[in-house]
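First the structure, in the form of structure tokens, and then the observations on it.
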Amino acid sequence: MKLSKKANKLYVTILNHSNEFIKYRQNSDQQRITKLEEIYSQIPKIICLKNCGKCCGLISMSKLEESRIILFMKENNLKINFNNDPLDVTFLKAIQGENRCYFLSDNQNCIIYPVRPIICRLYGVAENMVCQFSKPDNYMTEDQAIKLIKRVKKI
């Protein structure tokens, strides 16, 4: 099908705008990820000594963190372990107290560790989220941790 000159011009304009939008979005996402990484860098480092998974329950995350996790999982061909339960059964189990994190492998390793959300990064380093098996160089106060969480959610 051949387009009229006017339709063709409109098509080219839309295509150019969509390409500009994609570039803008990529730059915007990269700027947001840079801000996220800057916030993460303020969290004291901790080394998990036991890999027991006891700190790993159902978690909340920002939309940006969720997007990063989804992209990471696609790039690495990872699947979430829902134990072959349909989503509604999984949700029911969650509200009944079965709160094992879906990002834990069978051997208790976090499959999304490089892109884990802030709540996971704070566990063991925030004074109200202490781990009995690992000790950071210093603890963050609860107020400091809450401020970082709020900053992440604003990005």
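The values are calculated or read from the model by the stated rules, or taken from the named source; none is laboratory data. Just so you know, these numbers come straight off a predicted model, no measurement behind them. Cβ: placed from backbone, ideal geometry, glycine included. Neighbour counts: every protein chain shown.
Considering Asn51, Asn81, Asn99, Asn27, the condition of being among the polar types (S, T, N, Q), surrounded by 10 or more Cβ atoms within 10 Å (Cβ to Cβ), at pLDDT below 80 and at positive phi is satisfied by Asn51 alone. Residues in the range 115-146 that are surrounded by fewer than 19 Cβ atoms within 10 Å (Cβ to Cβ) and basic (Lys, Arg): Lys135 only.
Could we say that Asp143 is at pLDDT below 85, of a type in the set (Asp, Glu) and farther than 18 Å from Glu38 by Cβ here? For Asp143, the condition - at pLDDT below 85, of a type in the set (Asp, Glu) and farther than 18 Å from Glu38 by Cβ - is not met. Taken over the range 103-114, residues that are over 13 Å from the mean Cα position of the chain (by Cα) and either part of a loop (DSSP other than H, G, I, E, B) or surrounded by fewer than 13 Cβ atoms within 10 Å (Cβ to Cβ) (or both) amount to 5. For Ser41, the requirement of being surrounded by fewer than 12 Cβ atoms within 10 Å (Cβ to Cβ), at pLDDT 85 or above and under 29 Å from Lys147 (Cβ atoms) is met.
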